[in-house]
1. I want to confirm something. Restricting to segment 39-93 and keeping residues that are under 13 Å from the mean Cα position of the chain (by Cα) and acidic (Asp, Glu), which single residue is modelled with the highest pLDDT?
2. What number of residues in segment 41-67 are more than 16 Å from VAL113 (Cβ to Cβ), assigned to a loop (DSSP other than H, G, I, E, B) and not charged (D, E, K, R)?
3. Scan segment 161-173 residue by residue and report those that are in contact with a Gly (Cβ under 7 Å, 6 or more places away or on another chain) and either under 12 Å from ILE110 (Cα atoms) or of a type in the set (D, E, K, R) (or both).
4. If I go through segment 313-339 residue by residue, how many of them are of a type in the set (D, E, K, R), at pLDDT below 90 and farther than 30 Å from GLU150 by Cβ?
5. Is there a residue in segment 238-245 that is within 20 Å of ALA46 (Cα to Cα), surrounded by 19 or more Cβ atoms within 10 Å (Cβ to Cβ) and of a type in the set (Phe, Trp, Tyr)?
6. Would you confirm whether any residue within segment 245-252 is of a type in the set (D, E, K, R) and on the phi < 0 side of the Ramachandran plot?
7. Among the residues of segment 377-400 satisfying the criterion of being among the small types (Gly, Ala, Ser) and free of Cβ contacts under 8 Å to residues at least 40 places away in the same chain, which is surrounded by the most Cβ atoms within 10 Å (Cβ to Cβ)?
8. What number of residues within segment 139-176 are more than 20 Å from the chain's Cα centre (by Cα), of a type outside the set (D, E, K, R) and within 24 Å of ASN221 (Cβ to Cβ)?
Amino acid sequence: MKFMKPTTAIICISVLLIVLGGVSTASAQDPVYGQPGDWLTSYQTARTAGMGGSFVANADGALGSLWNPAGLSHLLQNQTQFETVSLFGESRMNAFSFALPGQTFPSVGISFVTLNSGDFERTNELNDHLGTFSAGNLGVYLTAAKRVSEKVSMGANFKMVRESLEDFNGGGVGLDLGLMADITREWKAGASILNIGGPKVTYREADESYPVNFRGGLAWNGMKGRALVTAQVDAQKGPGAIFSTGAEFWVHRVLALRAGYRDHRVAGGLSVRVSHNMRLDYSAQDNELDVLHRVGIVYDFGGFHATSQATPEIFSPSGENSVTTFHLKTRTRGEAVEWSLDIIDKDDQLVRRFGGKGNPPALVLWDGTDESGMPLPDGSYRYRFSVTDDEGVEISAKEQSVEISTSGPSGKIPVEVN
């Protein structure tokens, strides 16, 4: 698969966000900040902040359950996620999540979000210094999600919060519900209702209840999963309706660029895939006082996956090792309906494809020939193994390389002359 040049991708994302941003400017209302629980309801990760916080229809990560708990049903591998952002002064927010995909049972996850301030000066009515105090908040989410049909999934968060300010503290519990639907192969719709029945926090005698928040949106995921465009509407008593939009594009197998627009403010970010299982996220977001920089790390392991390994990795069709053997393993959520093993040359051209219906075989032999049976020239070739299940989910193995070498070993033989 050939990738678009980074400059072309940046232009495409910029044009798209200008158009969507114009719609956002006309649709958004000025929010009223300071609602109870805003610190948790408005939380964003590095990836979601880079997309303007528009994520309810594509909440596909461990921390995505904070936007839409139904998104956890789309998780394929066990996942851990850590996020951090430095706010203003010494204030900092951190988040950690761990999630397990389900098959017969629901997918489940647990998430922690913390907000900690630095020290504030305590004074009396005469402005005398009386030491310092601090504030700290904690939110804990327990999530469960499951597909209820081929195209629809549902999920729920049971959350507990604890807030402290100076010598006062309080806690409460609440519920989030989410729904996600596959409209087509590329289009998804998502909706969630947050803070059902609370949390309600009591510091002294007065109760502060988190207001109910409604979120709904659409997501388009095209170009074989490389492009993502999202739009979302948030509504709650006080701020009213807020429209946000964002875009993500993988310009290379290891690099993604993002841009977003929300509430008259812009954001951007990127991701770097440092390995097949690990991704680093970064975003910069405009704010009233300063630019907020968020950093996150995502690690996937186990769960539903596919693996492939060529043995030997270097072979000679005309020599002793005349073939290489691809060892294929897979674990899919649903029943496997189709598999493919593609071999690509240095010019990104497909030279040989193995495939079929149902589960893949454990072994596939390749003798170094193309689709017509003609021998291929010496060189390095990449191979990609993927399996699609009856839910339409494609699981791909890490792309690896195999080499054809018919020239044999080379080198210099010393000759002694007497």
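The values are calculated or read from the model by the stated rules, or taken from the named source; none is laboratory data. The model shown is predicted, which means the values in this text are computed figures rather than measured ones. Using ideal geometry, Cβ is built from the backbone for each residue, glycine included, and neighbour counts are taken over all protein chains shown.
1. Result: GLU83.
2. Summing the residues that are more than 16 Å from VAL113 (Cβ to Cβ), assigned to a loop (DSSP other than H, G, I, E, B) and not charged (D, E, K, R) in segment 41-67 gives 6.
3. Filtering segment 161-173 down to residues in contact with a Gly (Cβ under 7 Å, 6 or more places away or on another chain) leaves 161-164, 172-173.
Listed by number, the residues that qualify are ARG162, GLU163.
4. Keep residues of segment 313-339 that are of a type in the set (D, E, K, R), which gives 313, 320, 329, 331, 333, 335, 338.
Now drop any that are not at pLDDT below 90, which leaves 320, 331, 333, 335.
Narrowing further to those that are farther than 30 Å from GLU150 by Cβ: 320.
Total satisfying the criteria: 1.
5. yes
6. Initial filter on segment 245-252 (of a type in the set (D, E, K, R)): 248.
Right, trim to on the phi < 0 side of the Ramachandran plot and you get 248.
The answer is yes, given that some residue of segment 245-252 is of a type in the set (D, E, K, R) and on the phi < 0 side of the Ramachandran plot.
7. SER380
8. 2
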